[in-house]
Each structure stands twice: as structure tokens, then as C-alpha cells.
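Report on one structure; see the data block that follows.
Taken together, the values in this text are just the output of simple stated rules run on the coordinates, not laboratory data. Just so it is clear, the model here is predicted, and its values are computed rather than measured. Counting neighbours? That spans all protein chains shown, and the Cβs are built from the backbone with ideal geometry, glycine included.
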Amino acid sequence: MEPLIGIGFWRSLLEPELPDPAWFIDAQWPQHERQMVLDYLLQGKPLCYWMGYSWCRFRCGTAAASMGAADLTDGTYCWPEGLAHYVHRHLVRLPESFVQYVLGQASFPTAATTAVPESCPVDMTWWQQQAGWNPKACSFPAETDEQAQRTIRAFEREMVLEPSMLTHAACKARTHLIKQWRAKNS
Ligand SMILES: [Zn+2]
């Protein structure tokens with residue numbers, strides 16, 4: 001089974017190796033391209049539903065329910081339901097190779113989505129390498145400051161949560177994110 005290519009999954013203290021949506025803001029992106037990508041994202045077929053809704057990394061106050069709780073697919077890529085919110089509301093522009101791929105589709109490949117089983121793996125390698133266009137920008141690393149503090153305390157006491165969060169790369173990325181977050185808050 002070919003893994004799906006992950007895109008639009010955002011960084012937090014719990015997943016510090018993912019890109020930050022603030023890196024991708026581009027108000028100059030031509031509106032017709034933005035709209036076509038947005039329409040495409042909204043047609044994604046639900047692959048799986050998570051317990052609980054996602055939260056907006058910009059804390060814009062949008063209702064959690066409108067951020068969605070599903071991962072969507074077109075048979076090639078996999079993105080969270082909430083990605084459309086970032087493209088629409090926060091002027092996020094996605095990497096050029098994805099945009100060109102979307103613009104090159106005659107219509108949404110609905111047939112390709114029917115063959116994808118819920119258990120299909122999602123490969124984040126390409127997505128984790130995406131650096132966006134505003135490398136110093138930073139959104140919020142947790143849903144509330146209190147939650148951020150709690151996670152940071154746990155991390156600093158090495159009480160962290162799951163083994164996957166303790167890999168060297170994840171720890172390094174988390175330490176960097178904490179530093180950025182503190183600099184922003186001071
Ligand atoms: Zn938002």
C-alpha cells in the first residue's frame with residue numbers, strides 16, 4: 001500500500017517536528033489560486049476521525065467544531081479537515097508543488113479516494129521538510145497558555161507522555177519551540 005503524503009499538519013508542543021502555519025502566510029497569493037486550492041481541500045474524503053476537535057494555532061476564536069476532527073484524502077495526499085480554515089482565514093499558502101498538483105487536476109479525483117483504506121499510512125517526511133516563507137514567525141504551541149506551561153513543565157521533568165515524543169529530533173525541535181515561545185512572550 002502506497003502511503004499518503006501528509007500535508008497541513010501543524011506544529012505544537014506535542015508534535016514539535018511539524019511546520020508552523022505562521023511560516024506559510026502569504027497575503028499576496030493570487031485569490032483565484034487560493035480559491036481553487038480551498039475548493040479542492042474541502043472536497044477531501046474523510047479517512048479517519050479523531051476523538052475531539054483540532055484547535056486553531058492562531059487562537060483566532062473560531063469554534064472548535066469548525067476546525068474539524070477528520071483527516072481527509074484525495075488518494076495521494078492526506079490533510080486535516082482544519083487545513084481549509086488556515087488557507088481561507090489566515091492566508092496560508094501551501095507549498096508550490098502541492099499547489100501545481102491541485103491546479104493540474106481536471107476535477108477532484110473522487111474515484112481514487114474510494115480505494116484508500118482507513119488504515120493507510122501517512123508519510124510526513126516531505127511535509128516535515130517544508131520551511132515556508134516566514135522562517136522566524138511563530139504561532140501558538142498549545143491551545144491555551146496554561147496547557148503550554150503544563151506540557152513544558154512535564155517535558156522539562158522528562159515526564160513526557162509517549163516514547164515517540166522523546167526521540168532526539170523531537171526533543172531538539174521541542175526545545176527550540178519552547179525557546180521561541182518564551183522569546184515571544186517575554
Ligand atoms: Zn483560526
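Counting helices only, and only those DSSP H runs with n ≥ 4, report the 222 nm mean residue ellipticity of the chain as the sum of -39,500 (n - 2.57) divided by its residues, in deg cm²/dmol to the nearest 500. Provide the component values of the computation, followed by the final result.
Numbers: 8 runs with 70 residues, N = 186.
About -10500 deg cm²/dmol.
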_Simple Cβ-charge dipole of the chain, Lys/Arg +1 and Asp/Glu -1, about Cα centre, in debye nearest 20_ = 740
_Cross-link reach list, lysines versus LYS172, counting only Cα pairs under 27 Å and skipping chain neighbours closer than eight places_ = LYS136, LYS184
*If each residue's Cβ is checked for other Cβ atoms within 10 Å, how do SER107, SER97 rank with the fewest at the top?*
SER107, SER97
*Farthest toward the dipole's positive end in the chain, which of GLN130, ALA173, GLY8, given Cβ charges of +1 (Lys, Arg) and -1 (Asp, Glu) about the Cα centre?*
ALA173
_Can you sort THR73, THR175, THR125 from fewest to most other Cβ atoms within 10 Å of each residue's own Cβ?_
THR125, THR175, THR73
*asked:* Check which residues have an amide H placed less than 5 Å from LEU72's amide H, if you skip close sequence neighbours.
replied: LEU47, TRP79, GLU81
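Please order TRP10, TRP29, TRP126 by the number of other Cβ within 10 Å, starting at the fewest. Present the calculation step by step, with values, prior to reporting the outcome.
Details: TRP10 24, TRP29 17, TRP126 14.
Ordered by Cβ neighbours within 10 Å, fewest first: TRP126, TRP29, TRP10.
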_ALA64-LYS184 pseudo-label distance in nm [points 7 Å out on the Cα-to-Cβ vector]_ = 2.1
*Which one of TYR40, TYR53, GLN28 is farthest out on the positive end of the charge dipole of the chain, using unit charges on Cβ (Lys, Arg +1; Asp, Glu -1) and the Cα centre as origin?*
GLN28
